[in-house]
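Every number in this text was worked out from the coordinates using simple rules, so none of it is lab data. The shown structure was predicted, so the numbers you read here are calculated from the model rather than taken from an experiment. Neighbour counts are summed over all protein chains in view; Cβ atoms, including those assigned to glycine, are modelled from backbone coordinates with ideal geometry.
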């Protein structure tokens with residue numbers, strides 16, 4: 001029997017919040033993929049669709065090079081009021097090369113072609129700014145330190161509830177995928193694919209939390225605690241992917257994709273400072289903590305069905321499931337529509353809903369050794385996406401454009417003693433995507 005110390009218990013729960021942060025995903029990629037709401041696992045023929053199901057690569061019948069540009073604007077609202085949490089990020093989240101190798105087989109009999117994909121995808125971007133304030137009844141941060149036996153050597157306030165509080169949080173970083181995929185086309189009916197995924201991730205955050213107390217002992221003097229912290233993750237990992245698309249008739253496609261949990265290493269660094277106003281301003285600096293730990297990205301399963309209406313339209317439905325240790329299982333429902341009014345021109349529309357990925361009790365615990373200086377944590381309760389796009393596929397060139405609106409409901413917690421007093425936030429993201437390609 002193995003006994004775990006309280007320190008080990010705190011550490012495992014803190015890792016749960018880290019896993020939640022790095023396990024988050026957004027619907028990002030080519031303009032066609034974004035415009036379809038990410039519901040392309042059974043459709044294929046797109047480098048971003050290969051992330052969900054590498055078998056979709058088997059539908060290619062030509063070489064292709066693609067580059068995507070993306071501009072996103074986020075606005076964060078607390079109780080319907082924009083508190084200045086606006087960010088803007090321009091990036092190139094996708095680049096790919098597809099190599100098509102026909103076998104020379106008789107059309108419709110045997111293996112028709114082998115296709116290879118080398119691609120870069122940014123699957124998550126952390127670019128968030130929160131300015132929140134005004135909750136009442138949150139226990140003091142000093143009270144939290146006192147309850148866990150932390151002695152910082154300064155007389156911070158521990159016994160009073162907050163009169164006012166405010167928090168500023170800035171996060172930035174990314175999760176990138178570098179993929180190497182192979183797929184083959186068997187008689188234009190079966191498409192089989194395998195892939196290797198190399199994950200690279202970087203996450204950084206800075207938070208400042210202020211709490212101001214009422215007049216103490218009838219003195220005309222306010223007391224306050226100010227907590228500043230920084231957090232940094234860097235690391236890399238690898239995973240395998242496999243997929244299948246079955247096309248029993250000309251109008252029906254069934255898709256199945258699997259990505260294994262990744263195996264990798266994570267480096268985490270935290271730092272912090274607490275300042276208290278009592279008889280005078282006093283502060284303490286906390287020593288930077290650096291660690292290396294094993295880390296696993298989520299298991300990902302994708303199932304989908306698509307209906308083709310002659311050469312004029314595609315309708316797709318997709319269900320995605322992600323499983324992460326110490327986090328809620330994440331469920332995603334996606335639907336997409338593509339209309340082709342004339343050959344070469346297509347119009348897309350899509351909708352997606354994603355459930356919560358994080359548990360409400362995935363807190364960051366403060367322990368007496370100050371192993372973790374960052375005390376805030378957050379929870380994405382759900383995400384919704386509405387999108388539309390237009391594109392042209394010619395003999396040599398591809399041009400695609402899409403717009404996506406994402407609405408997220410989030411809860412931000414100042415520290416673990418505030419689990420019953422979250423800042424309720426809504427985040428609205430406007431995304432414009434442009435994809436340029438060359439094919440032959």
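A few remarks follow.
- Computing Rg and the Kirkwood Rh from the Cα coordinates of the stretch 6-439 gives a ratio, Rg/Rh, of 1.06.
- In nm, spacing of pseudo-spin labels at residue 409 and residue 88 (7 Å Cα→C-beta vector): 3.1
- Ordered by the count of other Cβ atoms within 10 Å of each Cβ, fewest first, 244, 345 give 345, 244.
- At R0 = 25 Å, FRET efficiency that the Cβ-Cβ distance of residue 150 and residue 234 yields, to 0.05: 0.35
- The distance between label points at residue 107 and residue 399 comes to 3.0 nm (points 7 Å beyond Cα on the Cα→Cβ vector).
- Ascending count of other beta-carbon atoms within 10 Å, so fewest first, for 40, 410: 410, 40
- Relative contact order, whole percent, for the stretch 6-439 stands at 20, derived from Cα pairs under 8 Å and 6 or more residues apart.
- Between residue 340 and residue 63, the C-beta separation translates, for a Förster distance of 25 Å, into a calculated FRET efficiency of about 0.65.
- From least to most packed, judged by other beta carbons within 10 angstrom and beginning with the fewest, 424, 52, 210, 181 follow the order 424, 210, 181, 52.
- Length gained on full extension, residue 311 to residue 190, computed as 0.36 nm times the residue gap minus the Cα-Cα distance: 41.6 nm.
- The slack between residue 440 and residue 355, meaning 0.36 nm per residue of separation minus the straight C-alpha distance, is 26.6 nm.
- The stretch 370-440 and the stretch 88-130 have Cα centres lying 21 Å from one another.
- Spin-label model distance (nm) - residue 263 vs residue 212, 7 Å beyond Cα toward Cβ: 5.5
- For residue 323 and residue 136, a Förster radius of 45 Å and the Cβ-Cβ distance give a FRET efficiency of 0.75, rounded to the nearest 0.05.
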